[in-house]
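Novice: To start, I am sharing the structure in question, which I have written as structure tokens.
The values are calculated or read from the model by the stated rules, or taken from the named source; none is laboratory data. Remember, it's a predicted structure, so these values are computed and weren't measured experimentally. Methodologically, a virtual Cβ is constructed for each residue, glycine included, from the backbone with ideal geometry; neighbour enumeration extends over all protein chains shown. Side chains included, ligands, DNA and RNA excluded: accessible areas come from the protein's heavy atoms. Shrake-Rupley method; radii C 1.70, N 1.55, O 1.52, S 1.80 Å.
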Amino acid sequence: MQKYVFTFIFGILVGICISSVPAFKEESTILSHVFYGLLAAFAFYYISFRKIDFDDLRLYVSCFLYFIASIGIYDVLNSNNANLLIYIAIYLLGSIPFGLLIAKMFANVDIQKVGSNSIGATNVLRTIKQQDEKLAKKLALATLILDFLKAFLPIIIAKLLGCNDSFLWSIGFFAVLGHCFSFYLALDGGKGVATGAGVMAALLPIELLVSFCVWFIVLKISKISSLSSLCAALCFIILSFIIHKDMSINTHAPVILICLIVFYKHIPNIKRLVFKEEKKVL
């Protein structure tokens with residue numbers, strides 16, 4: 001944990017230095033951000049994993065986050081615009097692994113080392129119920145609610161402050177990105193279902209309600225959490241094009257990106273489903 005914090009702080013300091021160089025304040029601004037993003041991201045990745053693997057999506061997530069951080073620092077120093085740094089703050093909030101913390105605090109279980117190794121509510125329920133079924137249900141529900149709220153609350157607060165829809169969708173995207181690629185867990189994380197639901201509850205509640213019904217029905221029939229989540233995500237994408245054909249931001253890109261992240265994080269589950277090896281949660 002300490003090495004991740006050290007590397008992150010190092011990257012921010014490098015970004016401040018680069019943003020302060022006169023040559024990078026005019027035509028070469030984008031080049032400076034790219035340079036800073038690559039430098040900080042590769043340093044973070046190498047110190048974290050002791051390798052550079054171009055087949056690892058976490059490397060590219062690192063580059064993207066540090067690129068955004070670089071532009072954010074530049075905007076604050078030159079125009080007092082803190083939007084991009086707010087996105088990084090939302091990412092760090094979304095990165096908080098509530099499932100891991102709750103399971104460790106109340107059941108003394110490291111859920112990253114048992115079950116599916118996921119930090120979500122399903123793994124909390126599956127692993128802790130072997131010790132205490134009632135406690136497992138309580139902790140799983142707490143994990144579900146907290147993962148939901150870390151996306152839902154920031155969007156609602158931003159709404160009340162009068163922020164535009166593009167800003168709201170960006171908040172939602174970074175919250176899901178943080179949950180699925182947690183800074184505190186070396187870019188490991190959860191599946192994104194509960195946090196994604198928090199985004200959609202605030203922005204597209206009708207689609208979420210119908211998708212929840214699909215999730216519940218599939219879960220009741222199959223007893224497989226991953227299958228129900230994937231069906232609900234697919235249903236949500238389709239419904240968003242039907243119910244909100246013309247989005248206020250003129251694109252369905254945030255919906256698709258969030259659902260793609262969910263599907264990506266479920267690739268191991270999809271493989272187990274294909275080979276009929278996926279475990280039932282109930």
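Novice: Return the pair list, or none, for Cβ contacts closer than 7 Å from residues in segment 89-111 that are free of Cβ contacts under 8 Å to residues at least 60 places away in the same chain to residues that are of a type in the set (S, T, N, Q) and in a helix (DSSP H, G or I), at least 6 apart or on different chains.
Specialist: Listed by first residue and then by second, the contacts come to 98/143; 102/143; 109/127; 111/123; 111/127.
Novice: Let me ask something else. Within segment 78-114, can you find the residues that are open to solvent by less than 50 Å² (accessible area, probe 1.4 Å) and either of a type in the set (Lys, Arg) or part of a loop (DSSP other than H, G, I, E, B) (or both)?
Specialist: Residues of segment 78-114 that are open to solvent by less than 50 Å² (accessible area, probe 1.4 Å), as a first pass: 82, 84, 87-88, 90-92, 94-100, 102-103, 107, 109-111.
Within segment 78-114, 82, 95, 96, 97, 109, 110, 111 qualify.
Novice: For the condition open to solvent by 30 Å² or more (accessible area, probe 1.4 Å), touching a residue at least 40 places away in the same chain (Cβ under 8 Å), in a helix (DSSP H, G or I) and closer than 19 Å to residue 262 by Cα, what is the one hit in 146, 177, 209?
Specialist: 146
Novice: Can I ask one more? Quick check on this structure: which one of 249, 256 is surrounded by 13 or more Cβ atoms within 10 Å (Cβ to Cβ) and in a helix (DSSP H, G or I)?
Specialist: On inspection, the qualifying residue turns out to be 256.
Novice: Could you grab me the full set of residues in segment 190-206 that are assigned to a loop (DSSP other than H, G, I, E, B) and open to solvent by 10 Å² or more (accessible area, probe 1.4 Å)?
Specialist: Passing the criteria: only 191.
Novice: Something else now. For the subset of segment 115-143 comprising residues that are over 15 Å from residue 192 (Cα atoms) and in a loop (DSSP other than H, G, I, E, B), which member is least open to solvent (accessible area, probe 1.4 Å)?
Specialist: Of everything passing the filter in segment 115-143, 115 is least open to solvent (accessible area, probe 1.4 Å).
Novice: Which ones in segment 259-282 are outside any loop (DSSP other than H, G, I, E, B) and open to solvent by 80 Å² or more (accessible area, probe 1.4 Å)?
Specialist: 260, 264, 271, 274
Novice: Residues in segment 130-139 that are at pLDDT 85 or above and either of a type in the set (S, T, N, Q) or more than 14 Å from residue 110 (Cα to Cα) (or both): how many?
Specialist: 4
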